[in-house]
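Take a look at the structure below.
Since every read-out is calculated from the coordinates, none of them should be taken as a lab result. Model, not experiment: these values are computed from the prediction. Note: ideal-geometry Cβ built from the backbone for every residue, glycine included; neighbour counts use all protein chains shown.
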Amino acid sequence: MKISDIQKLKKSSSKFATITAYDFPTAKIINELDIPLVLVGDSASMVVYGYKDTTHIEMNEMLLIAKAVKRGIKKALVVGDMPFMSYQPSVEIAVKNAGRFIKEASLDAVKLEGGVEYVEQIKEIIKAGIPVMGHIGLKPQSVLADSGYKIHGKTFEDAIKIFEDAITLEKAGVFAIVLEGVPEELARLITNTIKIPTVGIGAGGFCDGQIQVLHDLIGLYGIDVPKHAKSYLNLKNVIRESLNQYKKDVKNGDFPSNKHIYKMDKSVLKKLKGAIENY
């Protein structure tokens, strides 16, 4: 999948699903599906590494995950989420870290949060030959400055800023924009105005594509998920019940059974027992 293929989906008014991925086995499953874009999300900070938010994960931690995902994905465009403080300090730092996703993990593009305030970083990354995906609205890396996770764009002032950020990012050269945690009406206005695809998460149904955190979709932490998410499976219960049954089987002597056991030739066993008697 190429960036031009993603952009053609908007031109043809074809809705598309995208998803986050964090490991090789899951990536292989995703690769079997016609999912055009996979994000190695910095949400790994919480769902993989157990941090409280996305501000803690570091570049090296992101790269470990990115390498694993890329080994499993052969069809989709794979985008790396630039973690907190990997691009904010300066243009030079931003270009260097974006390049690490390409050189070290063989990803296809990077994503970073922010609008006008980071347009110079975006332009220089693109100038270096690295495609960039934008991200505006609710920006999880700004959770501290925003005093938590809040829906953005509910006031005129906030909405017009987000709209202008979208215009600015398109002019800067991003190939698509994630719209997170904004009113559906605002997302629709942006989607109908810009020529590049919008990918929504908590932004309603009018975006060109949707993205969700894998763990929410499969219920790995149960079915208590954010309002914008939908659990199609309660994998937490499936895993818990499976492990509990394994524990019971071991305790009761039901595992391993004969079909799980390797046997020794009787003549070898007899010879071994004879040899052991001399110890």
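Cross-link check: pairs LYS96/LYS123; LYS15/LYS154; LYS2/LYS103 evaluated at a Cα-Cα cut-off of 20 Å; pairs beyond the cut-off: LYS15/LYS154.
Mind ranking 82-89, 236-243, 190-197 by how tightly packed they are, going by the mean number of other C-beta atoms within 10 angstrom, highest first? Please list the in-between numbers first.
Working: 82-89: 20.2, 236-243: 12.0, 190-197: 18.1.
Highest-to-lowest ranking by the protection proxy: 82-89, 190-197, 236-243.
3J(HN,Hα) along segment 254-271, derived from phi through the Karplus expression 6.51 cos²θ - 1.76 cosθ + 1.60 where θ = phi - 60°, amounts to 7, 9, x, 9, 4, 6, 9, 10, 9, 9, 9, 4, 4, 5, 5, 4, 4, 5 Hz, with x in place of Gly and Pro. With 0.36 nm allotted per residue and the present C-alpha distance subtracted, the ASN244-ASP146 stretch has 31.1 nm of extension available.
Counting only lysines at least 8 places from LYS273 when in the same chain, those with an alpha carbon closer than 26 Å to its own are LYS259, LYS263.
Within a straight-line Cα-Cα reach of under 14 Å, LYS52 can be paired with the following aspartates and glutamates, leaving aside sequence neighbours fewer than 8 residues apart in one chain: ASP42. Annotation note: trypsin sites (Lys or Arg not before Pro) in segment 1-83 located in DSSP loop regions with a Cβ neighbour count of at most 15 within 10 Å are LYS2, LYS15, LYS52, LYS74, LYS75. In plain terms, the C-alpha convex hull of segment 152-242 casts an average shadow of 6.4 nm² when viewed from every direction. If the segment from TYR221 to LYS154 were pulled out straight at 0.36 nm per residue, it would be longer than the present Cα-Cα gap by 21.1 nm. Over all distinct Cα-Cα pairs of the chain, the Kirkwood formula returns a hydrodynamic radius of 20.7 Å. Over the chain, dividing the summed -39,500 (n - 2.57) contributions of all DSSP H runs of at least 4 residues by the number of residues returns a 222 nm mean residue ellipticity of -12500 deg cm²/dmol.
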